[in-house]
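Peer 1: Below is one structure. I have some questions about it.
The values are calculated or read from the model by the stated rules, or taken from the named source; none is laboratory data. In this text the structure is predicted, and so the values were computed from the model without any measurement. So basically every Cβ, Gly included, is an ideal-geometry build from the backbone, and we count neighbours across all protein chains shown. For accessibility, only protein heavy atoms count, side chains too; no ligands or nucleic acids. Shrake-Rupley method; radii C 1.70, N 1.55, O 1.52, S 1.80 Å.
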Amino acid sequence: MLMVKFDPKIISKDTLHKCGLSELSTLHIERQAESMELDCLENVRKYISVNGGDVQFGWILTLIGNVIMQLTAHAVVKRDDGSLLCVSLNDNRTGKIHFSTDDSIANLIENNRLPSRYIALVDDQNLLTYVTLMQAHDELRLKGYTSNSADILQIQEQCQSLYPHLLVIAKSHTKRNDSCFCGSGRKRKKCCG
């Protein structure tokens, strides 16, 4: 069984606190014709050069198995009236995103790449190890390592060895009326039991 990342429908204040976030906004996506997938900063820069506005950095939240929150740095347009607009789109998101502003992201960009963070939502040593590995993977990605570099492949191998345990944790911490840990978008009781 595979778990895919998915956007959480509801994010509790406790979860936001665990992630070090205080506020969350829902932004609509208006992809522009010239937007490139997964290149939000460049997409925003292009939009601003034509329409005005400023770059606003923040985090998009994604769940992995209901037990890990992935925070992905993202750039959106801050219009002159203060409203925010997402002009990028990727396969995981259609229509809207959960977004938490964070200007400090501008200082975390390496090689024109925006960082990610991983937060364990459950206290488990194997899960914490998995999160540490994912963070190390992201640090290498920011430095320009490719997916076939030896260091990246070693991290992926270690993550794969922990995956069965991660799946057990996800199953045990997903209630029947929660979104299924597999990422299908259906409730667990109508999906994976």
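Peer 1: So for the chain, Kirkwood radius off the Cα pairs, Stokes-Einstein at 4 °C and 1.567 mPa s: how many µm² s⁻¹?
Peer 2: 73
Peer 1: I need two numbers for segment 103-193: Rg to one decimal and Dmax as a whole number, Cα atoms only, in Å.
Peer 2: Final numbers for Rg and Dmax: 15.9, 44 Å.
Peer 1: Calculate, axis by axis, the spread of Cα positions in segment 1-44 along the three principal axes, and write the results as whole Å, longest axis first.
Peer 2: If we take the Cα atoms of segment 1-44, the spans are 38, 34, 16 Å.
Peer 1: Less than 13 Å Cβ to Cβ from V44, Lys/Arg counted +1 and Asp/Glu -1: what total charge do the surrounding residues give?
Peer 2: Summing Lys and Arg as +1 and Asp and Glu as -1 gives 0.
Peer 1: Further question on the same structure: Taking a ≥ b ≥ c as the square roots of the eigenvalues of the Cα gyration tensor of segment 27-101, is the shape rounded (a/c under 1.5), prolate (a/b larger than b/c) or oblate?
Peer 2: The shape class here is prolate.
Peer 1: Please report, as a whole percent, how much of the solvent-accessible surface of segment 47-181 comes from carbon and sulfur atoms (probe radius 1.4 Å).
Peer 2: So the carbon and sulfur contribution to the accessible surface is 47 percent.
Peer 1: Using 0.36 nm times the number of residues separating D54 and E30, minus their current alpha carbon distance, what extension gain do you get?
Peer 2: Extending this stretch completely gives an extra 7.0 nm.
Peer 1: Using the Cα centre as the reference, give the magnitude of the dipole from point charges on the C-beta atoms of segment 4-119 (Lys, Arg: +1; Asp, Glu: -1; all else neutral), rounded to the nearest 20 debye.
Peer 2: In debye, rounded to 20, segment 4-119 gives about 320.
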